[in-house]
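K.L.:
Okay, handing you the structure first.
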Amino acid sequence: MTRKILLLLAILPSVLFAQHTIKGTFTPAEDFKFAFLYRVTAETSLFVANADVAEDGTFEIALDKATIPGTYRLVYSQPQDQFNFDFIVNNKEDIVLKFDLQEGLSFDKSIENKLYNSYNRSMALVNKSIRNYYGAGKEDKAGYSKIFSILKNTQEEFEKASEGMIANNFIKACSPYIPNELEDVSTFSKNIKSNYFSNIDFGNKMLQDSNFLIKTTIDYVIGFINRKKPDVSYIENVNTVVKAIGDNPKIKGILLEILWNQFSVENNEVVANYIGSKYLLDIARANNDNELANSIIYFKNASIGNIGPDFNIEIKDENDKIEVSKLSKLEGSNNYLLFFWSTTCSHCLDEIPVLKEYIQSKTKEDIKVVAIALDNDLYRWKDMTYEYPDFLHVFGEGKWENPIGDQYNVTGTPSYFVLDKDKKIIAKPDDINAFKKYFNGLIEAEKE
């Protein structure tokens, strides 16, 4: 009796916890070392399990009975946000997949993933036929009708085939616009745009816990634009997205933060500041997200056209007596350069001597440099300042935790901010060469 119980206990863990598996093969095998599995949620990705990749490129991950069905992400290298792919785990079947760096993702086993992949391939082929039709520039009503009949039938067949599956949520959300009669390319494009969100339910939990809403939102905002007035188009598209999201405050906040990050990273201040001021700042404050709120405020304050945030500067007078002044109080130059650097930043140490040489060729009336060291080594910084006596020096103690760097939204060094005589930010060159090119043009323009 005791022996039977022990045997049963030995078997139970595999029965209870190892219900299904994810097996895979990476190609080329030598480029892969590990596989980390995450469950995707609206806010983040939750770690589930990991496995080493064998020499032949294979790996295996066991799923326990409690695995929550939904979208899962497999990370295969660093950085994680670049080297990954998503797929569906329904915890009703084993999954066998292949991932090739050239060919991408495919499935040898998994009814649901194979069906969803087949749907995406089929729709891509029909959409290619639509592009070819419009590209030919010839009117063919019969051919046009046939293409969209195939599109309609393909959508309906896959919706029916996927009933009861997780994939059905995504297939229905992808339901395409189908015209009732022949439309020219301009009309067709307008109707695609106006119907883009018709079948997307932002309240759908399966869509939320995936990258679907993120991808479709970004594709819409950056895809449907007037090339002559891109920023106007971006803003109009953001407004459309907000309207489409409706009463889903959590999802609205997530998607708007992603869009704000997208435009802020690209340094598109017009659109990023619109998103921040119009929508996201209020959401951040309502959620008590002070970090996000401050990021929005700092980015806007450090945007071109704004007066540079003020800070203290120690200045030596003619008698070498130190007086505390402020950026806003500086006088005597038509322009000021705020140069953010660090004593441990190799690029800074390469560029600051070049900056020194360039500034020496200019008059004090042309420009004055304020060098802010985001640093922790006071003594090393002090020693280095003697090499640059024509600069006004500020020690930004705390490095990335320094309030001056925060207020100017400095995320890397060296960083350049060109201010006019009124301390308004007029340019943010990427590096020393960009600064020299900009300032040379500015000087020439002032001469004219």
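Laboratory data are not the source of any read-out in this text; all were calculated from the coordinates shown. None of the values given here were measured: they were computed from a predicted structure. Glycine gets a Cβ as well: all are built from the backbone with ideal geometry, and neighbour counts include every protein chain shown.
K.L.:
What nm value, rounded to one decimal, do you get for the distance between Gln102 and His347 when each label is placed 7 Å out toward the C-beta?
P.N.:
Here the answer is 3.4 nm between the modelled labels.
K.L.:
Within the P(r) computed for the range 153-309, what percentage of the Cα pairs occupies the region above 23 Å?
P.N.:
Numbers: 5690 of 12246 pairs.
In whole percent, the long-distance tail amounts to 46.
K.L.:
Which GluC sites (Glu not before Pro) in the range 89-158 sit in a loop by DSSP (not H, G, I, E or B) and have at most 16 other Cβ atoms within 10 Å of their own Cβ? Write down the numbers at each step before the final one.
P.N.:
Numbers: sites: Glu93, Glu103, Glu112, Glu139, Glu156, Glu157; in loops: Glu93, Glu103, Glu139.
Sparse-neighbourhood loop GluC sites (Glu not before Pro): Glu93, Glu103, Glu139.
K.L.:
Longer than 25 Å from Cα to Cα, which of Lys23/Lys128; Lys316/Lys356; Lys92/Lys252; Lys356/Lys437 are they? Say none if no pair is. Mind dumping the intermediate values first?
P.N.:
On the way: Lys23/Lys128 33 Å; Lys316/Lys356 19 Å; Lys92/Lys252 32 Å; Lys356/Lys437 15 Å.
Going by Cα-Cα distance, Lys23/Lys128; Lys92/Lys252 fall outside the 25 Å limit.
K.L.:
For a quick check of your reading of the filter: which GluC sites (Glu not before Pro) in the range 321-366 sit in a DSSP loop and have no more than 13 other Cβ atoms within 10 Å?
P.N.:
Glu331, Glu365
K.L.:
Within the chain, what percent of beta bridges assigned by DSSP are antiparallel, to the nearest 5? Mind showing how you got there, number by number?
P.N.:
Working: 42 of 60 bridges.
Taking every DSSP beta bridge with both residues in the chain, the antiparallel ones total about 70 percent.
K.L.:
So for the chain, averaging the separation of alpha carbon pairs under 8 Å that are six or more residues apart and normalising by length, what relative contact order in percent results? Present the calculation step by step, with values, prior to reporting the outcome.
P.N.:
On the way: 624 pairs, mean separation 40.8, N = 448.
With pairs under 8 Å counted, the relative contact order is 9 percent.
K.L.:
Right, next: Going by average Cβ neighbours within 10 Å, how do the peptides 165-177, 236-248 rank, with the highest at the top?
P.N.:
Numbers: 165-177: 18.9, 236-248: 16.5.
In descending order of packing, they fall as 165-177, 236-248.
K.L.:
Taking H as built 1.01 Å from N, whose amide H comes closer than 5 Å to the amide H of Glu397, not counting residues under 5 places away?
P.N.:
Asp375
K.L.:
Now for a different question. What list of ³J(HN,Hα) couplings, whole Hz, do you get for the range 140-145 from phi and the Karplus terms 6.51, -1.76, 1.60, once you set θ to phi - 60° and write x for glycine and proline?
P.N.:
Listing the rounded values in order: 9, 4, 5, x, 4, 4 Hz.
K.L.:
Can you give me the relative contact order of the range 304-406 as a percent, contacts being Cα pairs under 8 Å and 6 or more apart? Mind showing how you got there, number by number?
P.N.:
Numbers: 136 pairs, mean separation 26.2, N = 103.
For the range 304-406, the relative contact order is 25 percent.
K.L.:
Further, regarding this structure: Go through Lys362/Lys382; Lys278/Lys423; Lys329/Lys421; Lys329/Lys423; Lys364/Lys423; Lys321/Lys399 and tell me which ones have a Cα-Cα distance over 19 Å in this structure.
P.N.:
On the way: Lys362/Lys382 25 Å; Lys278/Lys423 26 Å; Lys329/Lys421 10 Å; Lys329/Lys423 9 Å; Lys364/Lys423 16 Å; Lys321/Lys399 27 Å.
Result: Lys362/Lys382; Lys278/Lys423; Lys321/Lys399 exceed 19 Å.
K.L.:
Translational diffusion coefficient, Stokes-Einstein: compute it for the chain using the Kirkwood radius over C-alpha pairs as Rh, at 37 °C and 0.692 mPa s, and state it as an integer in µm² s⁻¹.
P.N.:
123
K.L.:
Give me the number: length gained by fully extending Lys436 to Lys205, i.e. 0.36 nm times residue separation minus the C-alpha to C-alpha distance, one decimal in nm.
P.N.:
Values: separation 231, 0.36 × 231 = 83.16 nm, distance 5.18 nm.
Taking Lys436 through Lys205 to full extension adds about 78.0 nm, to one decimal.
K.L.:
How much length is gained on full extension from Lys33 to Asn288, taking 0.36 nm per residue of separation minus their Cα-Cα distance?
P.N.:
Values: separation 255, 0.36 × 255 = 91.80 nm, distance 4.03 nm.
That works out to 87.8 nm of additional length.
K.L.:
Okay, moving on. Can you tell me what the convex hull of the Cα atoms of the range 320-448 projects to on average, as an area in nm²? All intermediate terms of the calculation are to be shown ahead of the outcome.
P.N.:
Values: hull surface 31.3 nm².
Mean projected area of the Cα convex hull: 7.8 nm².
K.L.:
Then there is this: Please list 3J(HN,Hα) in residue order for the range 294-307, calculated via the Karplus relation 6.51 cos²θ - 1.76 cosθ + 1.60 where θ = phi - 60°; whole Hz, with x for glycine and proline.
P.N.:
5, 4, 5, 5, 5, 4, 5, 5, 9, 7, 4, x, 8, 5
K.L.:
Mind checking the range 351-448 for chymotrypsin sites (Phe, Trp or Tyr not before Pro) that DSSP puts in a loop (not H, G, I, E or B) and that have at most 11 other Cβ atoms within 10 Å? Mind dumping the intermediate values first?
P.N.:
Values: sites: Tyr358, Tyr379, Trp381, Tyr386, Phe391, Phe395, Trp400, Tyr408, Tyr416, Phe417, Phe435, Tyr438, Phe439; in loops: Tyr386, Phe391, Tyr408.
Of the chymotrypsin sites (Phe, Trp or Tyr not before Pro), the ones in loops of the range 351-448 whose Cβ has at most 11 other Cβ atoms within 10 Å are Tyr386.
K.L.:
If you find the alpha carbon centre of the range 208-276 and of the range 412-448, how far apart are they in angstrom?
P.N.:
Using only Cα atoms, the two centres lie 30 Å from each other.
K.L.:
Collect residues whose amide H, placed 1.01 Å from N in the peptide plane, falls under 5 Å from the amide H of Val369; neighbours closer than 5 in sequence don't count.
P.N.:
The answer is Leu337, Leu392.
K.L.:
List the relative contact order of the range 227-344 as a percent without decimals, with contacts defined as Cα pairs under 8 Å and 6+ residues apart.
P.N.:
14
K.L.:
Order of 211-221, 75-85 by packing, highest average Cβ count within 10 Å first? Please list the in-between numbers first.
P.N.:
Values: 211-221: 18.4, 75-85: 13.1.
Highest-to-lowest ranking by the protection proxy: 211-221, 75-85.
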